[in-house]
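Just below is one structure, and these are the notes that go with it.
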Amino acid sequence: MFKDESEKLILNLPFGFRDIFPVEAQERKEIEDIIRTEFFSWGYGEVKTPIVEFTRNISAGVGKDWKDKLISLFDVDGNLISLRADMTIPIARLAGMRLKKENLPARFYYFANSFRQSAQQKGQKRVLNQAGLEFIGSDMLSADIEVLTILVNILRNLGIRDFKIALGHTKFIDGICKWFKLGIKEAEFVRENMILKNFVALTEFLDKKDTEKTEVFIDLLKPAKDYKTVAVKFSGIEEKDAQESVLYIRQVYKLLETLGINERFIWLLFRADV
């Protein structure tokens with residue numbers, strides 16, 4: 001089979017990668033077809049981006065630990081490049097490079113593999129299969145309702161019935177930082193530890209500012225099964241940005257209620273992956 005010993009292949013794979021056989025490949029295709037049909041029916045068009053991006057772009061806006069999870073290398077020009085760790089930065093870069101105001105709003109969807117460094121342990125994956133959509137250039141409430149409706153439809157079409165979707169608002173954390181009267185570096189510390197889900201460090205840091213506010217803040221991070229619970233917890237916070245985030249969630253709740261799908265949502269005022 002091989003001419004000599006030097007031509008023999010290494011009969012294994014780098015850790016975190018695996019082969020996919022026909023049965024699983026077919027199952028994946030059927031799932032992808034269901035998702036693609038739903039995306040297409042709402043007018044979303046498929047986009048594909050390169051598997052690599054400049055490291056300085058792909059690591060922008062992420063926590064320190066994320067940079068350690070990138071799989072990086074130098075190209076022939078000496079540039080540091082990385083395999084995409086998710087599709088957020090590639091889609092943002094595509095929109096910034098290729099879209100003009102007259103093209104907005106734009107509806108995109110994608111199917112892609114993303115790659116992340118992981119510990120060399122059995123069962124750890126370094127490749128993730130992702131499907132997603134982006135509604136770009138609209139700040140209307142209807143855009144969020146559209147995306148949430150698509151998600152619910154896909155889960156139902158896949159035969160998944162017992163599901164919960166966490167819903168939050170990015171403006172909440174901005175309001176909380178202003179409520180605590182934090183400086184720029186202090187706010188960055190809070191955001192970074194929210195991303196890392198280091199709530200112990202957050203509690204210790206914010207306790208030094210205001211113990212009572214810290215108790216309210218930590219309680220608000222707990223998921224609630226309905227909007228009314230969130231509203232009660234939030235009643236003591238008067239900061240504008242924070243209040244706007246709750247009012248927006250209230251609007252979303254009312255519309256989801258009319259669609260009969262509000263019981264599928266868990267109410268979170270902050271998404272730790274943002």
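Coordinate-derived values only; no laboratory data. Computed from a prediction, not measured in an experiment: that's the story for all the values here. Glycine also receives a Cβ, built like all others from the backbone with ideal geometry; neighbour counts cover every protein chain displayed.
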Would you mind ranking 133, 104 by Cβ crowding within 10 Å, fewest neighbours first? 104, 133
In Å, the Kirkwood hydrodynamic radius of the chain over pairs of distinct alpha carbons? 21.8 Å
In deg cm²/dmol, rounded to the nearest 500, the helical mean residue ellipticity at 222 nm of the chain, built from -39500 (n - 2.57) for every DSSP H run of length 4 or more, is -14000 deg cm²/dmol
Note the angle between two axes, namely the Cα long axis of helix 141-157 and the longest principal axis of the Cα atoms of the chain, as a number of degrees from 0 to 90, rounded to the nearest 10. 50 degrees
The FRET efficiency for residue 197 and residue 139, from their Cβ-Cβ distance with R0 = 35 Å and rounded to 0.05, is 0.80
Roughly what percent of Cα-Cα pairs across segment 174-231 reach past 17 Å? 37 percent
Alpha-carbon gyration tensor eigenvalues x 5, square-rooted, for segment 167-267, Å: 26, 13, 12
Evaluate the charge dipole of segment 13-120 about its Cα centre and quote only its size in Debye, nearest 20, assuming +1 on the Cβ of each Lys and Arg and -1 on the Cβ of each Asp and Glu. 480 debye
Of 69/228; 69/171; 101/228; 197/225; 171/225; 125/240, pairs whose Cα-Cα distance is over 32 Å: 69/228; 101/228; 125/240
When DSSP beta bridges are limited to those with both residues in the chain, what percentage is antiparallel, rounded to the nearest 5? 75 percent
Taking the Cα centre of the chain as origin, work out the dipole magnitude from +1 charges on Lys and Arg Cβ and -1 charges on Asp and Glu Cβ, in debye rounded to 20. 100 debye
At a temperature of 4 °C and a viscosity of 1.567 mPa s, determine how fast segment 22-143 diffuses translationally according to Stokes-Einstein, using the Kirkwood radius over alpha-carbon pairs as Rh; express D in µm²/s, rounded to the nearest whole number. 79 µm²/s
Point-charge dipole on Cβ atoms (K/R +1, D/E -1) for segment 164-221, about Cα centre, debye to 20: 220 debye
